[in-house]
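The values are calculated or read from the model by the stated rules, or taken from the named source; none is laboratory data. Please read all numbers here as calculations on a predicted model, not as lab measurements. Backbone-built Cβ (ideal geometry, glycine too); neighbour counts: all protein chains shown. Accessible surface is based on the protein model in full, side chains and every heavy atom, while ligands, DNA and RNA are left aside. Shrake-Rupley method; radii C 1.70, N 1.55, O 1.52, S 1.80 Å.
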Amino acid sequence: AQKVTQAQTEISVVEKEDVTLDCVYETRDTTYYLFWYKQPPSGELVFLIRRNSFDEQNEISGRYSWNFQKSTSSFNFTITASQVVDSAVYFCALKGNTGFQKLVFGTGTRLLVSP
Amino acid sequence: KAGVTQTPRYLIKTRGQQVTLSCSPISGHRSVSWYQQTPGQGLQFLFEYFSETQRNKGNFPGRFSGRQFSNSRSEMNVSTLELGDSALYLCASSLGRGDASYEQYFGPGTRLTVT
């Protein structure tokens, strides 16, 4: 069975602080895909990044960076110099090599960035 | 390119009634997936359609059904509504093509309230 664990339920930071959201996953598939989505109060899930299991390169996009480590089954997400607009619920998700487009989501981490 | 659209955005129904939700995917996307989001169960996969065929189904009762049309638009239906069906129903589209690596783009959701 596939499983995604986001142990942090809620994180509160002050603007300009760096924050890391943790994601740990479980799968028996040798090929799999990991995702991060952002859900602002409006409710729509916004795609942030996809990472393939065979590509362990870390990625940076502006203030966002992702650290994928197969050895620890983790795919952590860091926001540098957080801003109030970053306040949202962030979901980590896993898709195996079977099951077509089925995503297995973690429970989400609510990030509150105060001015 | 227009994003994923879902109608209606909000719906209030009474127990025992049935409801139909609609989703129009991004142009060119042939895979449509549906997810249910509740505070208690989080984001759960309902089913996925590709080229008018259901490719995968989550663990939901038979009261939940769906279909996809030749233009890739999809509908999901819930019959004999229960209070527990109150949720945000999210539709996601992707290129599909049987390859599990494509990211999914989500619509704004339909918030269903059952009274």
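Carbon and sulfur: what percent of the protein assembly as shown's accessible surface (1.4 Å probe)? Please report the intermediate quantities before stating the final value.
Values: 5140 of 10830 Å².
It is 47 percent, rounded to a whole number.
Using modelled backbone amide H atoms (1.01 Å from N, in-plane), which distant-in-sequence or interchain residues come within less than 5 Å of A:Ile11's amide H?
Result for A:Ile11 returns A:Arg110, A:Leu111, A:Leu112.
With the other protein chains left in place, how much accessible area per residue, in square angstrom, belongs to segment B:1-49 at a 1.4 angstrom probe? Kindly include the intermediate steps, with their values, before the conclusion.
Details: 2440 Å² over 49 residues.
That works out to 50 Å² per residue.
For A:Ala7, project a label point 7 Å along Cα to C-beta. Then give me every residue of segment A:31-74 with its amide nitrogen under 15 Å of that point.
Counting only backbone N, you get A:72-74.
Filter the GluC sites (Glu not before Pro) in segment B:39-95 to those in DSSP coil with at most 12 other Cβ atoms within 10 Å of their Cβ, and list the result. Provide the component values of the computation, followed by the final result.
Numbers: sites: B:Glu48, B:Glu52, B:Glu75, B:Glu82; in loops: B:Glu52, B:Glu82.
In loop regions of segment B:39-95 (DSSP not H, G, I, E or B), the sparsely surrounded GluC sites (Glu not before Pro) are B:Glu82.
How much FRET efficiency would the formula 1/(1 + (r/R0)^6) give for A:Gln83 and A:Glu59, where r is the Cβ-Cβ distance and R0 is 25 Å, rounded to 0.05? Don't skip to the end; give the middle numbers.
Working: r = 20 Å, r/R0 = 0.79.
In this case the efficiency is close to 0.80.
Name the residues of segment A:40-70, by number, that are at least 10 Å² less accessible with every protein chain in place than in the isolated chain; the surface is that of heavy atoms, probe 1.4 Å, without ligands or nucleic acids.
Listed in order, they are A:Ser42, A:Gly43, A:Glu44, A:Leu45, A:Phe47, A:Arg50.
List, in order, the whole-Hz ³J(HN,Hα) value for each residue of segment B:6-12 obtained from phi through the Karplus relation with A = 6.51, B = -1.76, C = 1.60 and θ = phi - 60°; use x for Gly and Pro.
10, 9, x, 7, 9, 8, 10
Any idea of the total accessible area buried by the B-A contact, 1.4 Å probe, rounded to 100 Å²? Display every interim value, and only then the final one.
Values: alone 6160 and 6520 Å², together 10830 Å².
Approximately 1900 Å², summed over both chains.
Counting Lys and Arg as +1 and Asp and Glu as -1, what is the net charge of the other residues whose Cβ lies under 15 Å from the Cβ of A:Thr80?
Numbers: positive: A:Lys16, A:Arg63; negative: A:Glu15, A:Glu17, A:Asp18, A:Glu59, A:Asp86.
Net charge around A:Thr80: -3.
For chain A, give me the percentage of DSSP beta bridges that are antiparallel, rounded to the nearest 5 percent. Don't skip to the answer; put the middle values down first.
On the way: 35 of 40 bridges.
Antiparallel: roughly 90 percent of the beta bridges in chain A.
Most fluctuating residue of B:Gly40, B:Gly66, B:Gly58 in a GNM of chain B with Cα springs under 10 Å: which is it?
B:Gly40
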